[in-house]
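After the structure tokens below, expect a handful of questions from me.
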Amino acid sequence: MTEQEVLKLVLAGDPRAIRSLVDHFQPMVLRTARGFLRNSDDARDVAQEVFIDIFTNIHRFQGQSRLSTWVYRIAVNRSLNYLRSNKKRLSNRSYSFENSESGQEGTMNLSDPTQKNPAQILEQKEKSETLHAAIQSLPEKQRIAFTLAEYDDLSYKEIAEVMETSVSSVESLIFRGRKKLQEKLWKVYRNLDRPT
């Protein structure tokens, strides 16, 4: 079924088409929100808001871009709005630890010798929080481009469509974002290595 056919069915209120659209885009929306928020509970909250926006405004979608591009725009905007409106609460909270191999928040089984020990897990969590804080400190456009490239694995062309800009602008944003991240992380880790 083409995107246009799915859209027609969704607009007509077909429950199977609506379920199909949610099933298709939910992993992408959750991954995008988690890339910005670094917390699965917050990402699920944002995903609900994204799908409310999609179904409230789908009649306004004019097909000038792909449907996935439009959904990405909504997910990015909702994630950024969530960060802005919850800035104080989010800055006072630690981020949920996510198992990088499974993509799921993990529990630790101490009897499993293949799992990392608690010190390694804590160190990995601290590095993840440091990286996330550095990403959050990037200017907004750099942060969006970097997050879509690194967490959603979008091509520069796809990012340009989501951000409604040129591919060369995206290349520049990501290059400058990576450079700033390297500088920030270098300072953090250099200070950690100094004797106290």
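Every number in this text was worked out from the coordinates using simple rules, so none of it is lab data. As the structure is a computational prediction, the values presented were derived from the model and not from experiment. Cβ coordinates were reconstructed from backbone atoms using ideal geometry, including for glycine residues, and neighbour counts include every protein chain displayed.
Given all pairs of different Cα atoms, what value in angstroms does the Kirkwood hydrodynamic radius of the range 1-93 take?
About 13.8 Å, per the Kirkwood formula over Cα pairs.
Now for a different question. Fully extended, how many nm does the chain gain between Asp45 and Glu171 (0.36 nm per residue separation, minus their Cα-Cα distance)?
That works out to 42.3 nm of additional length.
I'd like the distance separating the alpha-carbon centroids of the range 2-49 and the range 149-190, in whole Å.
25 Å
How much length would be gained if the chain were fully extended between Asp53 and Ser20, taking 0.36 nm per residue of separation minus their Cα-Cα distance, in nm to one decimal?
10.2 nm
First select every other residue whose beta carbon is under 10 angstrom from the beta carbon of Phe146; then total the charges, Lys and Arg +1, Asp and Glu -1.
+4
Right, here's the next one. What's the ranking of 168-177, 126-135 by average number of surrounding C-beta atoms within 10 Å, highest first?
168-177, 126-135
Starting from the Cα of Arg84, step 7 Å along the direction of its Cβ; do the same at Glu140; then give the gap between the two resulting points in nm.
0.5 nm
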